[in-house]
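Structure first, then comments.
Throughout, read-outs are computed from the coordinates displayed, never taken from laboratory work. Everything numeric in this text was worked out from a predicted model, so none of it was measured. Glycine also receives a Cβ, built like all others from the backbone with ideal geometry; neighbour counts cover every protein chain displayed.
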């Protein structure tokens, strides 16, 4: 069901139909969750919740077929064969990306125990706030990239992508600045708020490098080098597991460092894979450096002074970046 929904959203993105894309997103997420909650309020059991959730996802899948109007596989046999060859490497790539996204929680429980896993989950929830921003920006930006004429597609992508990386850096920096306060609000007595806030600050950096990855992945996809995406993701998973084991003695910070390095590895490999088309400008790497500096500084210090400095820098940076992003997108 979810595969059909995502495929339908891909078609709608390619056709520049944002309202259909939004309708599928709302039905498959908010609608499915709401149906599960309402059903569980009548019969409070996991089976009831999952059944209602699955029914609405199937409804969303049917809606995707109606809005997307896909052809039958037999209509274009050669294209289907070519598409299968192109898409096949994306199956292990998707599995590896899922491991990167949630494998750190499982590793934390295995290496540090259930209590640490609970604390890490809080840090991850905070760190994922700018990650959601990066994904949302990509969902709007990706179709614009692929619809640009080939003559200026990648120069435009580099210019606008650098601005969007700056936006994610500002968002990640603001969350980093607020991480001690948010961690204190989300937890109670007995939790190591300082460790949670430090881990969350580092995890905010994942969104910054992931924004660069998303841009370069478009260049790799456009070159039909999907095998490289699969290899890069699998290497990143190996890095995550290996570093998590090696750094587990440092606690939550060690796991957070492992995740950041894994995503950085994924990004660098993908940048190299797509470098023939997309060459990121210096401004993008400067923005990444600023984001890394803010995350590291906030993670290794106690007290609010550094967080206030990060807050001030990001507010000023946001005021500078916003008009430049608007001008680049209009260009």
Can you name the residue in segment 189-237 that is touching a residue at least 12 places away in the same chain (Cβ under 8 Å) and outside any helix (DSSP H, G or I) and is also nearest to residue 258 (Cα to Cα) among such residues?
192
Looking at segment 17-27, can you tell me whether even one residue there is in a helix (DSSP H, G or I), without any contact (Cβ under 8 Å) to a residue 40 or more places away in the chain, over 26 Å from residue 146 (Cβ atoms) and touching a helix residue (DSSP H, G or I) at 6+ places or on another chain (Cβ under 6 Å)?
no
Which ones in segment 162-179 are in contact (Cβ under 8 Å) with a residue 60 or more places away in the chain and more than 15 Å from the chain's Cα centre (by Cα)?
162, 163, 166, 170, 173, 174, 176, 177, 178, 179
If I filter segment 193-213 for residues that are surrounded by fewer than 20 Cβ atoms within 10 Å (Cβ to Cβ), closer than 23 Å to residue 310 by Cβ and out of contact with any helix residue (DSSP H, G or I) (no Cβ under 6 Å at 6 or more places or on another chain), do I get at least one hit?
yes
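I need the full set of residues from segment 238-250 which are in contact (Cβ under 8 Å) with a residue 40 or more places away in the chain and surrounded by fewer than 24 Cβ atoms within 10 Å (Cβ to Cβ), in order please. Full working, then the answer.
From segment 238-250, those in contact (Cβ under 8 Å) with a residue 40 or more places away in the chain are 240-241, 244-245, 248; that's our starting set.
241, 245, 248, listed by residue number.
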Flagged in segment 214-227 as within 14 Å of the chain's Cα centre (by Cα) and surrounded by fewer than 24 Cβ atoms within 10 Å (Cβ to Cβ), in numbering order, are 214
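Looking at the structure I just gave you, is residue 247 in contact with a helix residue (DSSP H, G or I) (Cβ under 7 Å, 6 or more places away or on another chain) and not in a helix (DSSP H, G or I)?
Values: in contact with a helix residue (DSSP H, G or I) (Cβ under 7 Å, 6 or more places away or on another chain): yes; not in a helix (DSSP H, G or I): no.
In short, no.
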